[in-house]
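First comes the structure, then the notes that go with it.
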Amino acid sequence: MTTHLHIERLRAQLLGKQGTASVGAATGPEQGPRATPAKVKVGPEHYDFAYFPELREFSNTQWYYNTQGYEWNMFRQHLGASSAVVEMDGRQLINYASYNYLDLLGDPRMQDAAKQAVDAFGTSAGSGRINMGEIPIFTEFEQLISQTLGVEDAVMAVNGYGANVATLGYLARRQDLVIYDELIHNSMLMGAKLSGARRLTFPHNDYDALEQLLVEHRQHYERVLILTEGVYSMDGDIPDIPRMIDIKRRHHALLMVDEAHSMGVIGPRGLGVVDYFGLDGADIDIHFSSMSKAFATVGGYIAGRKELIAILKHYAPGLLLYTAAPTPASAAAGLQALRIMHAEPERARRAVSNAGYFRTQARAAGLDTGLSHDSAIVPIMMPDGETAVWTTAQLFEQNICTFPMIFPVVPRNTERLRFFISAAHTREHIDRTVELLVDLRKNAPASKGLF
Ligand SMILES: Cc1ncc(COP(=O)(O)O)c(C=O)c1O
């Protein structure tokens, strides 16, 4: 288990996200004034961090790694760009844990763009964008991403997680309804929670269930937002966006698509769901992507109608308001990445075809790649969490870097290892990985049910 995973687990606990979700289950916060809770016996676990239960869980994981003699793989430093091969402690690891889909990390054109931006504007834009922090790079990016998606306008923010939280937290209100696939990313979930709107989930990709929720509930709410991802980050599958567009239209709802793992990757030109399904950009009401994956930088954007962008730019706290502008260097790298996506669509095709090769080889060897298709994310399903942790540790010893996804990040009995495939992975990397996975599956010790 990784620290990232631990943090995801904590978040999930704090947010009350369960491993499974049911149709029609209202998960929203209580409306109205809160009743005074029953008295509690106050103990150190309430005021001394050393007694917080989260820490105990974290220590258990460390204990497991120590007693098993596994190398602790969290917060390990690497040297150089985190590409398909990464250097760590003098070792060269085949790396499936970075989202560098297009292999743009370390690309000299990206670095030159970032350096020029620093030379021109310094290390920061100076303040929030709305005051004195606006620079031409932001608008150039926004114009090019709008043109790419076929929408009127866009806004770039300092990171993806915050952009999702700020957008949903602002757009949805208490009198509104947010309906989402049970597997949407934590940033959308957090935004929906923050909004105070009623929240309903539907089982993964179950469009009949989505429709049913709208039939039952649409009439009771003002704005209704439907949330999905372009490529699901745990499963590597692509939802039926055209069907969701049809549904949202018939019910006068708004559709928001998180393209963190699809933009720059899927579609004939690698330009995300619009490209993949041949859509009109205006069919999707709220386009979002993180810029920390295919764009090889940090940042996030929202794109859509000019009115949406105007509202968000001027009113959504945490998007541009009450927060700093993206750095000139990160924005310039994002703009350069977008230009490279247009000029070199073969990068996306290579990432997707490498992932296709991984899937084909894995399936031929009897491994289960879950729902993954046409994307650059390949899960390898595990019989249980402990086997997932064990397999990760063994791979790490063999210089292969991936991370286990276990409950509650994914529902029980769907534990997996997740492989992010890039344009730079070779057939040799993939063959060696699949071979090892097959060997490890044969030799995995019986699980004691620890995770
Ligand atoms: C699906 C999805 N949405 C949003 C985010 C948040 O993006 P960022 O890394 O830019 O904060 C991530 C990143 O992990 C993601 O996977």
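The values are calculated or read from the model by the stated rules, or taken from the named source; none is laboratory data. Quantities reported herein were computed from a predicted structural model and do not represent experimental measurements. Note: ideal-geometry Cβ built from the backbone for every residue, glycine included; neighbour counts use all protein chains shown. Heavy atoms of the whole protein, side chains included, go into the accessibility calculation; ligands, DNA and RNA do not. Shrake-Rupley method; radii C 1.70, N 1.55, O 1.52, S 1.80 Å.
Of note:
- Residues with amide H under 5 Å from that of Phe403, placed H, sequence gap 5 or more: Arg418
- The packing ranking, built from the mean of other Cβ atoms within 10 Å per residue, places the peptides 438-447, 215-224 in the order 215-224, 438-447, highest first.
- Overall form of the range 359-419: oblate. Here a/c, set by the Cα gyration tensor axes a ≥ b ≥ c, is 1.5 or more, and a/b is not larger than b/c.
- Note on the range 108-343: Cα convex hull, mean projected area over all directions, 11.7 nm².
- Between Arg249 and Arg173, the modelled label-to-label distance comes to 2.8 nm, taking each label 7 Å out from Cα in the direction of the beta carbon.
- Between Leu102 and Ala423, the built amide H atoms are under 5 Å apart, and every one of these is 5 or more places off in sequence or on another chain.
- Shape category assigned to the chain from the gyration tensor of Cα positions, a/c cut at 1.5: rounded
- Working note: Karplus 6.51/-1.76/1.60 with θ = phi - 60° gives the range 327-336 the couplings 6, x, 5, 5, 5, 5, 5, x, 5, 5 Hz, where Gly and Pro are set to x.
- Counting protein heavy atoms only, the range 28-109 has 57 percent of its accessible area on carbon and sulfur, 1.4 angstrom probe.
- Within-9-Å neighbourhood charge of Leu214 [Cβ basis; K, R +1; D, E -1]: +1
- For the chain, the dipole from Cβ point charges (+1 on Lys and Arg, -1 on Asp and Glu) about the Cα centre works out to 760 debye, to the nearest 20.
- Between Ser127 and Ala35, the distance separating the two model label sites (each 7 Å from Cα on the Cα→Cβ line) works out to 4.9 nm.
- Three-way shape call for the range 149-257 based on the alpha-carbon gyration tensor, with the a/c threshold at 1.5: rounded
- Note on His46 and Asp439: the model spin-label points, each 7 Å out from Cα along the C-beta direction, lie 5.4 nm apart.
- 222 nm mean residue ellipticity, helices alone, for the chain (DSSP H n ≥ 4; -39,500 (n - 2.57); rounded to 500): -12500 deg cm²/dmol
- Length gained when the stretch Gln111-Glu140 is fully extended (0.36 nm per residue, less Cα-Cα span): 8.7 nm
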